[in-house]
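Taking it in order: structure first as structure tokens, then the write-up.
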Amino acid sequence: MSLIRFAGVDFHYGPAGPSASAILKGFDLEIARGEFYVLLGPSGCGKTTALNLLAGFERPNAGTLIMDGRPIGAPGMDRVVIFQGDDSLYPWLTAQENVEFPLRMTGISAGERRRRAKLWLSRVGLANHGQKFPHQLSGGMKQRIQIARALVCDAPVLLMDEPFGALDAQTRTILQDELVAICSGSGATVLFITHDIAEAIILADRIGVMRAGPGSAIKDEFALDLPRPRNRGSVEFAAAYDRIQRVLGEEVRKVVSREAAA
Amino acid sequence: MNAAVRQSLLRSALAVIGFLAIWEVAGRTVFIPAVLPAPSVILGEAWSRAASGLLGVDVAMSASRIIVGFLAGSLLGAGLGLLFGAVEPVRRAFEPIVQFFRFIPPIAWLTPVLIWFGIGEMGKWVLITYTTTFMVLLNTLAGFAEPQRDRMRAARVFGAGPWRAFWHVRLPATVPWILAGMRIGMGNSFQTLIVAEMLASNEGLGHLILNSRIQLSTERMFVGILGIAVLGIAADLGFRALTRRLFSRHRLGW
Ligand SMILES: Nc1ncnc2c1ncn2[C@@H]1O[C@H](COP(=O)(O)OP(=O)(O)O)[C@@H](O)[C@H]1O
Ligand SMILES: [Mg+2]
């Protein structure tokens, strides 16, 4: 039984009509409980849109979107989002207070809030930076705050939208490895978006590659049963990279040639 | 204090001293005191006026008008701005009225205010309140125009309803805009104040300037003019220092 199920989901922005062009068309996706699912696709194909539907920020125009047997409703703590970029952090709160924010909204006592936020800050390597404001921290540290703020919620589902997209290659590698360590054995179900194949292979139980839009859906899926932590230099890694690159590369070429023609 | 800051302070001090020196020489040689009094003459006049207590009265009157009008205008502007920002239909309903009034400069209201409130304090408070209200209101609305999309979405994910999202996200995000509006409003209040005191007052720095012309005392006129500058700088420095302390979580840009 899958925990999350998109079935025949259509979505377009703005009002319906002949001019409304579908971002997603007949989008199907099933994610099992505890699975780490990575969505790959050329930029602009609709990855964020799919995540926003699951988060409840947008509603599908057609099709069904189900989690735990119930239709997806308003956003909530049962599926916590790690946003692309750092515009979701609260710049007037310290790192510690940002991590406490969800607990404060839930009405958890100040002492308990502080204890749990401290624990997660230290798990993401920010134990000594709790009193700093986001603008005093590097891009990688800001994403660690977001990760701590999401994980402190103990949510059954995590939705991550290119969380490491803006980071330099070294920092990204470190954070990927840390995410593997944190998530393995946590039991959380994860939908993770990226356009980086190597990142997908490091993290995923299963990878879905989306078609170039408009009217995108998942074109192909790859199950990865390599043991973790995965070695970026291994033969299996290279083979998986090659298989996925062939599928994704074709879609990226469509986008690039369309952009060149326009 | 680092070397760069020290050097720039030194340069500013040298520029001020140079400026005053040239003025002093010009005032003592080229111009007669009735046209351009030298700084030392102005300072002497300020000193004797301060000693007699007359300057203190004018400064206190001007300062009290600014403070009352500034505080009332800030409260009104921020209150209206937050109400408009929180309740979209209210903003839509009242925005045309705001846009209409914002093109009427405070001084245009001087005559009706005199008719309604007479020459007393209330009229000046009303004019300065009007000046400040619009700056704070418009700036607060500009703050609300910032989308804050991901911050609001995150708050919803974490279970905040509309009211708590407003209180915990919208309001703090708008604080720097409100304070910036207050700072601009304070600057504009001085213009309103001086014209109002010149045309409809028996005390205050504006009245001192106009009255000195009638009495042909140019150095006293300059005491009034420079007094405004000193009062304005002191008010701005005080405002910046106070808000930096009170709102240390926010990046105010000063
Ligand atoms: N709020 C919006 N209104 C209209 N079009 C949008 C909006 N957000 C995204 N789009 C369009 O939808 C398409 C898919 O966007 P998105 O889901 O962000 O792609 P991805 O995350 O895969 O890069 C893009 O063509 C984008 O321009
Ligand atoms: Mg995206």
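Based on DSSP H runs of at least 4 residues, each adding -39500 (n - 2.57), what is the mean residue ellipticity at 222 nm of chain A after dividing by all its residues, to the nearest 500 deg cm²/dmol?
-12000 deg cm²/dmol
When you look at the Cβ of every residue in B:146-155, what mean number of other chain Cβ atoms sits within 10 Å?
Averaged over the peptide's residues, the number is 6.
Using θ = phi - 60° and the Karplus form 6.51 cos²θ - 1.76 cosθ + 1.60, what ³J(HN,Hα) does each residue of segment B:86-95 get, whole Hz, x for Gly and Pro?
For segment B:86-95, the Karplus-derived couplings read 7, 10, 3, x, 5, 4, 4, 5, 9, 4 Hz, x marking Gly and Pro.
Using alpha carbon centroids, what distance separates segment A:142-179 and segment A:209-262, in Å?
So the two Cα centres are separated by 21 Å.
What is chain A's relative contact order, in percent, from Cα pairs under 8 angstrom and six or more apart in sequence?
So the answer I get is 26 percent.
Let me have the 222 nm mean residue ellipticity of chain B computed from DSSP H runs of 4+ only, each contributing -39500 (n - 2.57), with the sum over all residues rounded to the nearest 500.
So the helix-based figure for chain B works out to -27000 deg cm²/dmol.
Among B:82, B:119, B:181, whose Cα projects farthest towards the positive end of the dipole of segment B:37-246, with charges put on the beta-carbon of Lys, Arg (+1) and Asp, Glu (-1)?
Farthest towards the positive end: B:82.
Separation of segment B:202-241 and segment B:89-161 by C-alpha centroid, Å?
What the calculation gives is 28 Å, centre to centre.
Taking the Cα centre as origin and putting +1 on Lys and Arg beta-carbons and -1 on Asp and Glu beta-carbons, what dipole magnitude results for the protein assembly as shown, to the nearest 20 debye?
Dipole size: approximately 660 debye.
Please say if chain B is rounded, prolate or oblate, where rounded means a/c under 1.5 for a ≥ b ≥ c the square roots of the C-alpha gyration tensor eigenvalues, and otherwise the choice is prolate for a/b larger than b/c and oblate otherwise?
Details: a/c = 3.09, a/b = 1.64, b/c = 1.89.
The shape class here is oblate.
Provide the per-residue ³J(HN,Hα) series for segment A:123-140, in order, calculated from phi with Karplus coefficients 6.51, -1.76, 1.60 and θ = phi - 60°, each as a whole number of Hz, with x at glycine and proline positions.
5, 9, x, 10, 3, 8, 10, x, 8, 8, 8, x, 5, 8, 10, 6, x, x
Only Cα pairs within less than 10 Å get springs; with that Gaussian network setup on chain A, which residue of A:240, A:50, A:117 has the largest fluctuation?
Looking only at A:240, A:50, A:117, the biggest GNM fluctuation is shown by A:240.
Give me the aspartates and glutamates in straight-line cross-link reach of residue A:132: C-alpha distance below 16 Å, same-chain residues under 8 apart excluded.
Residue A:132 reaches A:86, A:97, A:100.
Take the Cα atoms of the protein assembly as shown, find their three principal axes, and give me the spread along each one in whole Å, biggest first.
95, 57, 54
Relative contact order for chain B: what percent, with Cα pairs under 8 Å and sequence separation of 6 or more?
24 percent
Shielding of A:79-92 by partners, i.e. mean partner chain Cβ atoms within 10 Å per residue?
The per-residue average across the peptide is 5.
Whole number please: convex hull volume per residue of the Cα set in segment A:102-251, in Å³?
Enclosed volume per residue, from the Cα hull, is 140 Å³.
Top mean-square fluctuation among B:31, B:94, B:158, Gaussian network model of chain B, C-alpha springs under 10 Å?
B:158
I want to verify a result. In a Gaussian network model of chain A, Cα cutoff 10 Å, which of these has the top mean-square fluctuation: A:102, A:229, A:15?
With Cα springs under 10 Å in chain A, the top fluctuation among A:102, A:229, A:15 is at A:15.
Show which lysines lie in cross-link reach of residue A:47 when reach means a straight Cα distance below 25 angstrom and same-chain residues fewer than eight apart are skipped.
Reachable lysines: A:25, A:142, A:219, A:254.
Among DSSP beta bridges whose residues both lie in the protein assembly as shown, state the antiparallel percentage, nearest 5.
Restricted to the protein assembly as shown, the bridges split so that about 50 percent are antiparallel.
Give me the Debye-computed log₁₀ of I(q)/I(0) at q = 0.10, 0.16 Å⁻¹ for segment A:1-143, equal point scatterers on Cα only, no solvent, two decimals.
-0.47, -0.98
Return the sequence-ordered ³J(HN,Hα) values of segment B:198-209 in whole Hz as given by the Karplus equation 6.51 cos²θ - 1.76 cosθ + 1.60 applied to θ = phi - 60°, using x for Gly and Pro.
Computed from phi, the couplings for segment B:198-209 are 5, 9, 8, 7, 10, 8, x, 5, x, 5, 4, 4 Hz.
How shielded is A:142-155 by partner chains, expressed as the average number of their Cβ atoms within 10 Å of its Cβ atoms?
1
Report, by chain and number, residues whose modeled amide H sits under 5 Å from the one on residue A:3, excluding near sequence neighbours (fewer than 5 apart, same chain).
Correct list: A:31, A:32, A:33.
Each reported figure results from applying straightforward, stated rules to the coordinates on display, with no laboratory input. This one's a predicted model, so the numbers in the text were calculated from it and none came from an experiment. All Cβ positions, glycine included, derive from the backbone under ideal geometry; neighbour counts span all protein chains shown.
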